[in-house]
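Everything below concerns the one structure shown next.
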């Protein structure tokens, strides 16, 4: 059994006060012991709006944690002394983030629907220069880049999910892509091989590629696919590593130095889809053979992604709802 610190520690929350009432208020008299508090009839309470939706944690060379706030269209950073600040706003709806082998910040961006189209960017952290490394394939725009990983040769792998209203120049392009160091882009998986790819990670030995499927419709795939990864960066021998159906599938994931997967998956309460609560919300830790080694509960919806950091790569950072959590582990992680 894998030993992990089971308590997820609160690290930072994005807090906003949507409404301040400046008018005077009149206090109603408090109910007395003889006048019990009236009990309201059963009412359905719906979420009117959200002020944050955290995603895509990654850790810089100096230990600063970067993560995205989709709800407010920005990239946040948490310093090693606990100071929370905005790194980039607008972020063009950045989702998954990762620092590459040269400590440049890679970001999957869905764009603003107008001047900035869906793309994958790379930021030089010393100069601030932003470079677009992928925005189209064979003349068609990407849909909605979601998550990234990289291998020992410096090749970048990212998922591109279908958007709700694809334009004609986007039809049939979503899937899994590889960007080589010379900038060449190759699509290594597409429909019907994958339906709605989300999280992605590569094993420490560069021999296995893992991809999460997150189709919410009834009967859709909610699972982790595993593939053999060749030296040339192509995939073969697909097998289902773990099936979450009918619960909510995994979202993002990372991997430790021994090849164990740490998958952010599940729900604490249903959200109006066909997904059930069979997948308990938290970090699901799987061995390379697919055995569930550990479950780390996360109390907040919606749990989205996870990354290793800290000076010893034994701190696991988890994004969920409006919060960034941290968990200590016994096994050294990787930056993938």
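Summary table below
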| quantity | calculated |
| --- | --- |
| Subset of region 295-316 [farther than 24 Å from residue 213 by Cβ and buried (at least 17 other Cβ atoms within 10 Å of the Cβ)] | 309, 310, 313, 314, 315 |
| Options 152, 183, 163, 96: the member that is within 21 Å of the chain's Cα centre (by Cα), touching a residue at least 40 places away in the same chain (Cβ under 8 Å) and in a loop (DSSP other than H, G, I, E, B) | 163 |
| Residue ranges of strands (runs of 3 or more DSSP E) in region 224-336 with at least 1 members over 26 Å from residue 195 (Cβ atoms) and in contact with a strand residue (DSSP E or B) (Cβ under 9 Å, 6 or more places away or on another chain) | 292-297, 303-309, 315-320, 323-328 |
| Tally, over region 261-277, of residues that are surrounded by fewer than 18 Cβ atoms within 10 Å (Cβ to Cβ) and either closer than 14 Å to residue 300 by Cβ or touching a residue at least 60 places away in the same chain (Cβ under 8 Å) (or both) | 2 |
| Residue satisfying all of: in region 41-69; surrounded by 16 or more Cβ atoms within 10 Å (Cβ to Cβ) and at pLDDT below 95; nearest to residue 254 (Cα to Cα) among these | 53 |
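The values are calculated or read from the model by the stated rules, or taken from the named source; none is laboratory data. Quick caveat, the model's predicted, so the values are computed rather than measured. A quick note on method: Cβ atoms are made from the backbone with ideal geometry, for glycine too, and the neighbour counts reach across all protein chains shown.
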